[in-house]
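Have a look at the structure below, then the notes.
The values are calculated or read from the model by the stated rules, or taken from the named source; none is laboratory data. Just so it is clear, the structure is predicted and the values come from calculations on it, not from any experiment. Because the Cβ atoms are built from the backbone with ideal geometry, glycine has one as well, and the counts that use them run over all protein chains shown. Quick note on the areas: whole protein, heavy atoms, side chains included, nothing else; ligands and nucleic acids left out. Shrake-Rupley method; radii C 1.70, N 1.55, O 1.52, S 1.80 Å.
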Amino acid sequence: ITRVLGECESLARLHFGRNELLAQGGALLAGVLGECKVLAHLDLHENGIGDEGARRLAGVLEQCSLLARLQLDGNQMSAQGVGALAGGVGEGKGLSHPE
């Protein structure tokens, strides 16, 4: 799936909740999300993404300037993981619905 996602530059919504991505899957997904230049809605709820996955996602979410909705509820992140994501998303990027 990561190969296909890497070729979807016009992908605006990705619903990938409840797929048990865990840290490894989150890392693989993070490797291709930067190619999705118009991604506005990312749903990764209940995937077992922990702090390491959050840090990897944070690095790529910096490139998603159109991201308006991010759903990560039900994952296994501590305050450090959430803090990394907050830094990656950054203030003023238009994120109106963090969950």
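Annotations for the structure displayed:
- Test: residue in segment 5-18 that is within 20 Å of ALA84 (Cα to Cα) and out of contact with any strand residue (DSSP E or B) (no Cβ under 7 Å at 6 or more places or on another chain): no
- Filtered by the rule that a residue be open to solvent by less than 20 Å² (accessible area, probe 1.4 Å), part of a loop (DSSP other than H, G, I, E, B) and in contact with a Cys (Cβ under 8 Å, 6 or more places away or on another chain), segment 17-64 gives GLY34, CYS36, LEU39, CYS64.
- Check on LEU14, in a strand (DSSP E or B) and open to solvent by less than 40 Å² (accessible area, probe 1.4 Å): yes
- Some residue of segment 66-73 being modelled with pLDDT of 90 or more and over 17 Å from ALA30 (Cα atoms): yes
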